[in-house]
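What follows is a set of notes on a single structure, which appears directly below.
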Amino acid sequence: MTPDVLLMTPTRPDALARLEAGYALHRLDQAPDRDALLDRHGAQIRAIAAIGHVPIDQALLDRLPALEIISCGSAGYDAFDTAAIAERGIVLTNASPALAEEVADMALLLAQVGWRDMVAADAWVRSGDWARKGSFPLQRSFRGRRLGIVGMGTIGRQIAALAQLLGLQVAYWNRRDKGVDLPFQPDLATLAADSDILIAIVAGGPDTQGLISGPVLEALGPQGLFVNVARGSVVDEEAMIAALQEGRLGAAALDVFASEPDPDPRLTALRNVTLSPHQGSGTVQTRDAMAALMVDNLDAHFAGRPPISPVTLA
């Protein structure tokens, strides 16, 4: 029998075509009456396809007694009740492998733009200051800097590999030593103090709320650059703004914010902050690959094979 799949969010055209061809697809994202759809089909739903900002909570799970797998088309799954998912023994997968290279590219791009002050350099040319005032002030070399990576998962490892190609000295923090061929620093503030640039790439959620704290940012210091390609929740944003305003933190380059899509106006007013609208994976090719992996994980599960990119739930 063709498995019933609940699609909770819009997806890419090719992935949608595969879902429609291979499954009994129920479009919760387009349903005029979601409760009616769940009342009618909830008992036979065996899979969910969604991205991680859409809530999947106990109340929804209770309406899906046959649910076997949740295939997430993003890396993060902040809005999922992972404790409830684990308790039910439901398989959870995500799309981290499909976006690791793209997000790593963005992390190092933001690091270079922030370190070399390229937004200000662009404004220097556009405003006519180059002609009026002469050359843009000299900046510090990127190559040879000390990079601390907060989080050594799939994307963190990709950032580390790319950073080493760019001549950076790399160390990392993680909740446990990942056994990779890089210096491991178990104390986050010490890693920050030993770094010129600190990149956050940990998962969001309660366990990492405010992980990048005021003391960590102060340890990074007035010459340091903080880059966030993780989630806005992983940094104490109030402490970060104060440190940036007061010069206790040199600069920040941010792809994510506590409030999206309307970040704190104090951030947009700061000259020492580079801003990006949560575009770490934002290319056509990578979004297509993420959606394809979402379907690939469903295909593997229903063919009796292990999922391609499972998430380990505690």
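For the peptides 220-227, 138-145, 71-78, 19-26, what is the packing order when you average, over each peptide's residues, the other Cβ atoms within 10 Å and list the highest mean first?
The peptides rank, most packed first, as 71-78, 220-227, 19-26, 138-145.
Short version: ³J(HN,Hα) in whole Hz for each residue of the stretch 259-276, in order, from phi by Karplus 6.51 cos²θ - 1.76 cosθ + 1.60 (θ = phi - 60°), x for Gly and Pro, what are they?
10, 10, x, 10, x, 3, x, 5, 6, 5, 8, 8, 6, 8, 10, 9, 10, 9
Which shape class, rounded, prolate or oblate, goes with the stretch 1-72 when its Cα gyration tensor gives a ≥ b ≥ c as root eigenvalues, a/c under 1.5 marks rounded, and past that a/b bigger than b/c marks prolate?
Rounded, because the longest to shortest axis ratio a/c is under 1.5.
Scan around Gly204 for amide H atoms under 5 Å from its own, H built in the peptide plane at 1.01 Å from N, and keep only partners 5 or more places away or cross-chain.
Placed amide hydrogens put Tyr77 under 5 Å from Gly204.
Per the Kirkwood definition applied to all pairs of different Cα atoms, how many angstroms is the hydrodynamic radius of the chain?
21.0 Å
Counting other beta carbons within 10 Å of each residue's own, what order do Met1, Met152 fall into, fewest first?
Ordered by Cβ neighbours within 10 Å, fewest first: Met1, Met152.
Give me the log10 of I(q) over I(0) for the stretch 99-275 at q = 0.08, 0.11, 0.13, 0.18 Å⁻¹, as the Debye formula computes it from C-alpha points; what are the numbers?
Listed by q, the Debye log ratios stand at -0.23, -0.44, -0.61, -1.15.
Evaluate E = 1/(1 + (r/R0)^6) for Ser213 and Gln44, where r is the Cβ-Cβ distance and R0 equals 45 Å; express this FRET efficiency to the nearest 0.05.
With a Förster radius of 45 Å, E is 0.45.
Can you work out the PRE-style zone for Gln245? Point 7 Å along Cα to Cβ, and I want the residues of the stretch 264-301 with backbone N under 20 Å.
Counting only backbone N, you get 264-275.
Can you give me the long-range amide H partners of Ile70? Hydrogens built in the peptide plane at 1.01 Å from N, cutoff under 5 Å, separation of 5 or more residues or another chain.
Ile48, Val91, Leu92, Thr93
How far apart, in nm, are two points set 7 Å out from the Cα along the Cα-to-Cβ line at Ala17 and at Thr190?
My value for the distance between the label points is 5.4 nm.
Just Val125, Val229, Val91 to compare: in a GNM of the chain, with alpha carbon springs under 10 Å, which one fluctuates most?
Evaluated over the chain, the most mobile residue of the options is Val125.
Restricting to Cα pairs below 8 Å that are 6+ residues apart, what does the relative contact order work out to for the chain? Please round to a whole percent.
18 percent
If R₀ is 45 angstrom, what is the calculated FRET efficiency for the pair His53 and Gln139, using the beta carbon separation as r and rounding to 0.05?
After rounding to 0.05, the efficiency reads 0.80.
Return, for the Cα atoms of the stretch 20-179, the radius of gyration and Dmax in Å, separated by a comma.
23.1, 71
Counting helices only, and only those DSSP H runs with n ≥ 4, report the 222 nm mean residue ellipticity of the chain as the sum of -39,500 (n - 2.57) divided by its residues, in deg cm²/dmol to the nearest 500.
Counting only the DSSP helices, I get -11000 deg cm²/dmol.
Given the Cα-Cα distance of Lys178 and Thr2 and 0.36 nm per residue of separation, how much length would full extension add, in nm?
59.4 nm
Taken together, the values in this text are just the output of simple stated rules run on the coordinates, not laboratory data. A quick note: this is a predicted structure, and the numbers were derived from the prediction, not measured. Cβ atoms come from the backbone with ideal geometry, glycine included; neighbour counts cover every protein chain shown.
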